[in-house]
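J.: My structure is below; once you've seen it, I'll send some questions.
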Amino acid sequence: MITIPTSLIDRDDLSLMERALIPLIARHTQKWGDKPTDIDASTLAQSLRHTPREVIEALDTMVKKGILKTIRRKTAQGVMIYYTFAPIETITPMASTLTAAEYTDSSYFLNINNDAFEELHAFALELCDREGLRRDLFDDFTLYQRSKNNRSFDWCAEFERWVRRESASNTALVTRNQAPSDVKPSTEEFEMAQYFIRHLASIDPQFKEPFDVMSWAKQIQILIETGGYTLLDVKAVIDWLFSAKGDWFRPNVPDAYHLRKHFKRLIAHTRSFRDGKPRLPDGIDLFDLYEQM
């Protein structure tokens, strides 16, 4: 038999998931004649037949409310977080108590200290803003890493990889949703596609001109209509790609689709060179100028 305090049952700030978890946690952690124990989120998720993410969200909320406390323990599978009931006197609607970790290793996401987490959070928000992504992407990232109990020695790099996957999935979604519209690419967009094709053909003797140039022009049209870029931006990027400065990235852009896919990165490089220090015009040698002086 287990006993649950009425002060916990009568709370009006509990969600349905939290109310389902309370007796389940009590069932596994409160045994007659034994000291209270703890339980992990995976076991609770299996018992409730819900995803670990949903369960972890509810458990974290109850920790913030002071209903539960966390215990970190090193196991054969790595460092795991376990949950148990907080002392009765600390259970208040606005309480927020966390126990100290029994084992600390900064390579584990669950155990990075507060300063490291704040740095990661600030880095993540800045990256999301720069890439034009939703800020709650960081919440998805943290919940996923916790549900998998993942670890890393560089969580900023892990979040960058997460952002790249998100950006790639968004690009694929936009491509699927943007079925060919009734409005055909303009003459200027078609000519810009041909301009790109001529550059590709000039460096590759085996390059075969695409049968459907209009599909390449369609990618240029999407860049201009949905990306907010101009034809001059597209031309500047193409010119940069086929210059000595952009030679290193050129193999990544074999067609118009990849031009659109990498355009945000390419335009950043193009503008950095354009807005850099003033340089001599093409064809003018600095040593020739010295000889004339």
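The values are calculated or read from the model by the stated rules, or taken from the named source; none is laboratory data. Only a predicted model underlies this, so the values are computations on that prediction, with no experimental measurement involved. For neighbour counting, all protein chains shown are included, and Cβ atoms are generated from backbone atoms with ideal geometry for every residue, glycine included.
J.: Taking only pairs six or more apart or across chains, which ones have beta-carbon atoms under 6 Å, a first residue in the range 126-141 that is outside any helix (DSSP H, G or I), and a second residue that is not acidic (Asp, Glu)?
T.: 135/125; 135/128
J.: So the check is Cβ under 9 Å with 6+ separation or different chains; which pairs have a first residue in the range 48-68 that's at positive phi and a second one that's of a type outside the set (Gly, Ala, Ser)?
T.: What qualifies is 66/90; 66/91; 66/92; 66/93; 66/94; 66/97.
J.: Being over 14 Å from residue 60 (Cβ atoms), at pLDDT below 80 and surrounded by 17 or more Cβ atoms within 10 Å (Cβ to Cβ) is the filter here; which residues of the range 135-157 pass it?
T.: Answer for the range 135-157, where residues must be over 14 Å from residue 60 (Cβ atoms), at pLDDT below 80 and surrounded by 17 or more Cβ atoms within 10 Å (Cβ to Cβ): 149, 151.
J.: Within the set of pairs 6+ apart or on separate chains, which have a first residue in the range 150-170 that is in the same structural domain as residue 122 (by TED's automatic domain parsing) and outside any helix (DSSP H, G or I), a second that is of a type in the set (A, V, I, L, M) and at pLDDT 85 or above, and C-beta atoms under 7 Å apart?
T.: Short answer, once both residue conditions are applied: none.
J.: Let me ask you something else. Just a yes or no: is a residue in the range 212-226 surrounded by fewer than 12 Cβ atoms within 10 Å (Cβ to Cβ), hydroxyl-bearing (Ser, Thr, Tyr), at pLDDT below 85 and farther than 20 Å from residue 186 by Cα? Step through it out loud before you land on a result.
T.: Filtering the range 212-226 down to residues surrounded by fewer than 12 Cβ atoms within 10 Å (Cβ to Cβ) leaves 212, 226.
Then keep just the ones that are hydroxyl-bearing (Ser, Thr, Tyr); that gives 226.
Pick out the ones that are also at pLDDT below 85 and you get 226.
Restricting the remaining residues to those that are farther than 20 Å from residue 186 by Cα gives none.
No, the range 212-226 has no match at all.
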